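*Asks:* Dropping the structure in here first, questions after.
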There are 2 protein chains.
Amino acid sequence: MSEKKPFATPGAATELEEGVALAPRFGADGLVTCVATDAASGDVLMVAHMNAEALAKTIASGEAWYFSRSRGALWRKGETSGHTQRVVEMRVDCDQDAVWIKVEQVAGACHTGRRSCFYRAVPLGKPGTVKLEFRGERIFDPKRVYPKKD
Amino acid sequence: MSEKKPFATPGAATELEEGVALAPRFGADGLVTCVATDAASGDVLMVAHMNAEALAKTIASGEAWYFSRSRGALWRKGETSGHTQRVVEMRVDCDQDAVWIKVEQVAGACHTGRRSCFYRAVPLGKPGTVKLEFRGERIFDPKRVYPKKD
């Protein structure tokens with residue numbers, strides 16, 4: 001984390017829940033959860049994380065920035081793929097440890113080539129082993145969009 | 001965590017992403033993130049967490065169960081308030097560390113009395129201090145619904 005403190009410090013529950021100050025409760029890892037939904041369809045596109053810098057950049061620019069836990073790096077969505085997210089609206093939840101952004105998604109949000117990362121359904125109420133059911137089609141070829149890993 | 005292992009063990013990325021086995025990647029805390037959206041409006045109602053038992057109970061019963069990090073306890077949504085969530089559909093994301101449930105929400109999901117926990121908007125692209133804007137009205141009185149905390 002940088003030394004900059006762009007947001008208010010989280011206070012008592014009443015203030016967090018009923019106040020007008022954005023005081024995100026970053027976890028021990030410095031992150032809040034971010035849910036991105038498709039502004040057009042309402043579908044959940046992805047769940048990712050933001051540190052203070054990613055959140056501040058998203059608010060300032062109206063483009064989605066995240067913090068990649070696996071790469072340990074700040075990341076503008078679409079910087080490699082071109083599949084950017086323009087933020088139409090941002091919300092924060094009651095205890096300010098999660099944000100919801102409604103976005104205009106270019107092409108697809110998922111690195112596997114689908115529109116949404118949530119392309120498999122989990123059948124409910126069936127005893128025994130769960131067998132996932134595919135729902136989303138591939139809309140782009142990830143091999144053409146992402147550079148090869150080694 | 002209990003000794004029961006109701007789900008497959010997460011394997012290689014290809015299997016996780018393109019397989020039909022539900023193999024949730026529970027974090028070091030034993031939890032996956034769960035996003036609940038309103039099956040009718042598409043709005044995000046809440047972001048919470050599930051351990052293996054909560055996930056298994058949700059799949060088996062079609063009612064949302066969570067694990068409360070603050071209380072350290074399994075929790076059926078609505079068990080105190082009556083504001084249950086019937087799961088219409090469940091999805092899992094590409095790397096299986098998050099689930100999305102579309103639910104029929106009785107009354108409101110938020111303990112503050114709103115339909116959704118995301119009742120405040122964060123204005124975008126405005127320099128200076130962020131001032132949250134209230135969007136959701138109270139639809140129930142939390143004092144009548146939840147027992148007093150000592």
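*Asks:* Can you list the aspartates and glutamates whose alpha carbon sits under 18 Å from that of A:K5, skipping same-chain ones fewer than 8 residues off?
*Replies:* By straight Cα distance, A:K5 reaches A:D29, A:E53, A:D97.
*Asks:* Could you give the alpha-carbon Rg of chain A over 2.2 N^0.38 Å, rounded to two decimals? Write out the running numbers ahead of the final one.
*Replies:* Numbers: Rg = 17.1 Å, N = 150, 2.2 N^0.38 = 14.8 Å.
Cα Rg divided by the expected 2.2 N^0.38 Å: 1.16.
*Asks:* Right, here's the next one. Report, for B:E137, each distance to the same residue's label point in the other copies, shortest first and in nm; define the point 7 Å along Cα→Cβ.
*Replies:* For B:E137, the other copies' label points sit at 4.2 nm, shortest first.
*Asks:* How many angstrom lie between the Cα centre of the stretch A:98-150 and the Cα centre of the stretch A:11-88?
*Replies:* Taking the Cα centre of each part, the stretch A:98-150 and the stretch A:11-88 sit 19 Å apart.
*Asks:* Going highest first, how would you order B:75-83, B:88-96 by mean Cβ packing within 10 Å? Intermediate results must be reported in sequence, preceding the final value.
*Replies:* Values: B:75-83: 16.1, B:88-96: 21.1.
Taking the mean over residues of other Cβ atoms within 10 Å, the ranking is B:88-96, B:75-83.
*Asks:* In the structure displayed, which of A:K102/A:K143; A:K77/B:K77; A:K131/B:K77; B:K57/B:K143 lie more than 31 Å apart, Cα to Cα?
*Replies:* Working: A:K102/A:K143 27 Å; A:K77/B:K77 33 Å; A:K131/B:K77 25 Å; B:K57/B:K143 29 Å.
Distance filter (> 31 Å) returns A:K77/B:K77.
*Asks:* Hey, another quick one. Return, for the Cα atoms of the protein assembly as shown, the radius of gyration and Dmax in Å, separated by a comma.
*Replies:* Final numbers for Rg and Dmax: 18.7, 59 Å.
*Asks:* Which angle from 0 to 90°, rounded to the nearest 10, does the C-alpha axis of helix B:52-61 make with the longest principal axis of chain B?
*Replies:* Taking Cα atoms only, the helix is inclined about 80 degrees.
*Asks:* Mark the label point 7 Å from the Cα of B:T80 along Cα→Cβ and return the residues of the stretch B:94-137 whose backbone N is within less than 11 Å of it.
*Replies:* B:111-112
*Asks:* Sticking with this structure for a sec: Testing the spin-label approximation: label points 7 Å from Cα along Cα→Cβ at B:E89 and A:S41. State their distance in nm.
*Replies:* 0.9
Laboratory data are not the source of any read-out in this text; all were calculated from the coordinates shown. It should be emphasised that the depicted structure is a prediction, and the values quoted were computed from it without experimental measurement. With ideal geometry, Cβ positions are generated from the backbone for all residues, glycine too; neighbour counts draw on all protein chains shown.
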